[in-house]
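*Asks:* My structure is below; once you've seen it, I'll send some questions.
Just so you know, all these numbers are worked out from the coordinates, no wet-lab data involved. What you see is a predicted model, and the numbers here were worked out from it, not measured in a lab. Because the Cβ atoms are built from the backbone with ideal geometry, glycine has one as well, and the counts that use them run over all protein chains shown.
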Ligand code: FES
């Protein structure tokens, strides 16, 4: 049959092209909203919780195989977190560097509050393990671990050197005078789950998941 055979005799039944466009648009919009509502629970089930997004999920770090002098790197909040197993000799150097540092006693809020057994010179919970965020506080480059004395400058006692603009940090992450970086490296919240396991990104009681140092 041709279209003409379906032409209604009553003008009120004639199809109005403008009205058809409008109805089609309404159905399309409702359909899209329906899909949206149906999809939201599914998508939400794939996403981390809001607090995890805001604070960064804590990370578990196995330090069992980390020998003195070695350092490992994990990722937390998309940033590198270092764990450095400092030797007795490396620890012994730290107090002698105080007069060459911008913030030797860690007075700036570059570390999580309430870290147990906190020592502002060693900047750690246990003396031998430094746990710090490896992001230069100048413009965000990643400093290099340079433990060998003299490897950066004649008086170098070992530390971290930022290749971007030459900032220098000691092996506690304390920034040295003359560096463009203004602040010590951040020490994030962490605790020891057992003798070989560190949980970084929160305190033992679950606190401080949203902690941030200055400049973030
Ligand atoms: S970003 Fe490290 S010195 Fe500039």
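*Asks:* With a point put 7 Å past each Cα toward its Cβ, work out how far residue 89 is from residue 73 in nm, to one decimal.
*Replies:* 2.5
*Asks:* Can you run the Rg to Rh ratio on region 105-167? Use alpha carbon positions and the Kirkwood inverse-distance Rh. Working shown, then result.
*Replies:* Numbers: Rg = 13.2 Å, Rh = 13.2 Å.
Radius of gyration over Kirkwood radius for region 105-167 works out to 0.99.
*Asks:* Then there is this: Please report Rg over Rh for region 127-216, where both radii come from the alpha carbon positions and Rh follows the Kirkwood definition.
*Replies:* Details: Rg = 14.4 Å, Rh = 14.1 Å.
With Rh from the inverse mean 1/r over Cα pairs, Rg/Rh is 1.02.
*Asks:* How would you rank 60, 108, going from fewest to most other Cβ atoms within 10 Å of each one's own Cβ? Present the calculation step by step, with values, prior to reporting the outcome.
*Replies:* Working: 60 11, 108 17.
With the fewest neighbours first, 60, 108 line up as 60, 108.
*Asks:* If eta is 1.567 mPa s and T is 4 °C, what Stokes-Einstein diffusion coefficient results for region 82-141, Kirkwood Rh from Cα pairs, in µm²/s? Please list the in-between numbers first.
*Replies:* Numbers: Rh = 12.6 Å.
The diffusion coefficient I find is 103 µm²/s.
*Asks:* For residue 194 and residue 153, FRET efficiency with R0 = 41 Å and r from the beta-carbon atoms, rounded to 0.05?
*Replies:* About 0.55, to the nearest 0.05.
*Asks:* Where q = 0.08, 0.14 Å⁻¹, what log10 of I(q)/I(0) comes from the Debye formula for region 57-200, counting one point per Cα?
*Replies:* With one equal scatterer per Cα and no solvent, log10 I(q)/I(0) is -0.18, -0.59.
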